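The values are calculated or read from the model by the stated rules, or taken from the named source; none is laboratory data. Predicted, not measured: the structure shown is a model, and the values here were computed from it. Cβ placement follows ideal geometry from the backbone for every residue including glycine, while neighbour counts extend to all protein chains displayed. Note: areas computed on protein heavy atoms with side chains; ligands, DNA, RNA excluded. Shrake-Rupley method; radii C 1.70, N 1.55, O 1.52, S 1.80 Å.
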Amino acid sequence: LNPTHHPTLIRATMSARSITIVLITLSLLFLIAYPLQLVRYAVYAIGLQTFVFIFHGWPYMSEKYYDASGSATHLSLILISLLENPNASRRQIMCSVFGIIWATRLGSFLFQRILRDGKDTRFDKLKKNALTFCTPWAIQALWVFLIDLPILILNTTTTTTKEDSNSI
């Protein structure tokens, strides 16, 4: 059998590969989050990505809000972790502010690019199948969680000395 001549076989192979990648991605996400007691942030990350995919990406087979959802996930994780800590130190506040500035800058650049270009050609082959198309959204949840991990750890750690809480 030559798979290039059998579109059904190609779709099945792509779907199986996509399911495998999504399962590995989710497993990594929770294997990292669980021992650090950050599972709720992993759930927020995958939840927001899934929400945007289900309500815009999949119905319209559009990547228009892919980068914007990544930035929104960054902002959400950082803000939630900071706001859940009523005794945030200056270090926690400053690191969170810098994380928010970075996510806002990156997100606005990427969103302007998609508005200007109309599409992201990296998604062209992926949009042929909903299972294949959902893969980058799951990977983005993991990527955002890993990038934000230092801030999440910092913001969920209580300071024990006056020096820790006052230093930046």
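Expressed as a rounded percentage, what relative contact order does the stretch 37-120 have, with Cα pairs under 8 Å and six or more residues apart?
On the way: 55 pairs, mean separation 27.9, N = 84.
Relative CO of the stretch 37-120 lands at 33 percent.
Can you give the calculated 222 nm mean residue ellipticity of the chain, where each DSSP H run of n ≥ 4 adds -39,500 (n - 2.57) and the sum is split over every residue, rounded to the nearest 500 deg cm²/dmol?
Values: 6 runs with 118 residues, N = 168.
Here the helix-only value at 222 nm equals -24000 deg cm²/dmol.
In nm, give the distance between the simple-model label positions of THR158 and LEU131, each being 7 Å from the Cα along the Cα-to-Cβ direction.
Each label point lies 7 Å from its Cα, and together they span 4.7 nm.
Would you mind checking the tilt of helix 39-52 against the longest principal axis of the Cα atoms of the chain, expressed as 0 to 90 degrees and rounded to 10?
It works out to around 40 degrees.
Using R₀ = 30 Å, calculate the FRET efficiency as 1/(1 + (r/R₀)^6) where r is the Cβ-Cβ separation of TYR60 and TYR34; round to 0.05. The partial results should precede the final answer.
Working: r = 34 Å, r/R0 = 1.14.
For TYR60 and TYR34, the calculated efficiency is 0.30.
Would you mind getting the accessible area per residue of the chain, heavy atoms of the protein chains only, 1.4 Å probe, in Å²?
Details: 9970 Å² over 168 residues.
The answer is 59 Å² per residue.
Find the lysine pairs in the stretch 31-168 meeting two conditions, Cα atoms under 26 Å apart and a separation of 8 or more places or different chains, and report how many there are.
On the way: LYS64/LYS119; LYS64/LYS125; LYS64/LYS127; LYS64/LYS128; LYS119/LYS127; LYS119/LYS128.
The number of close lysine pairs in the stretch 31-168 is 6.
Report, to the nearest 10°, how far helix 90-117 tilts away from the longest principal axis of the Cα atoms in the chain, using its own Cα long axis and a range of 0 to 90°.
The angle comes out near 30 degrees.
Looking at the chain, what % of the alpha carbon pairs are farther apart than 23 Å? Walk me through the numbers on the way to the answer.
Working: 6598 of 14028 pairs.
For the chain, the fraction of Cα-Cα distances above 23 Å is 47 percent.
For the stretch 45-118, what is the convex hull volume of its Cα atoms per residue in Å³? Walk me through the numbers before you get to the answer.
Numbers: hull volume 4.8 nm³, N = 74.
Given the Cα convex hull of the stretch 45-118, per-residue volume reads 65 Å³.
Using Cα atoms only, what is the angle between the long axis of helix 7-33 and the major principal axis of the chain, expressed in degrees (0 to 90) to the nearest 10?
So the inclination is approximately 10 degrees.
Report ³J(HN,Hα) in whole Hz for each residue of the stretch 53-68, in order, from the Karplus equation J = 6.51 cos²θ - 1.76 cosθ + 1.60 where θ = phi - 60°; Gly and Pro get x.
After applying 6.51 cos²θ - 1.76 cosθ + 1.60, I find 4, 5, 9, 9, x, 6, x, 9, 6, 10, 9, 3, 9, 4, 5, 5 Hz.
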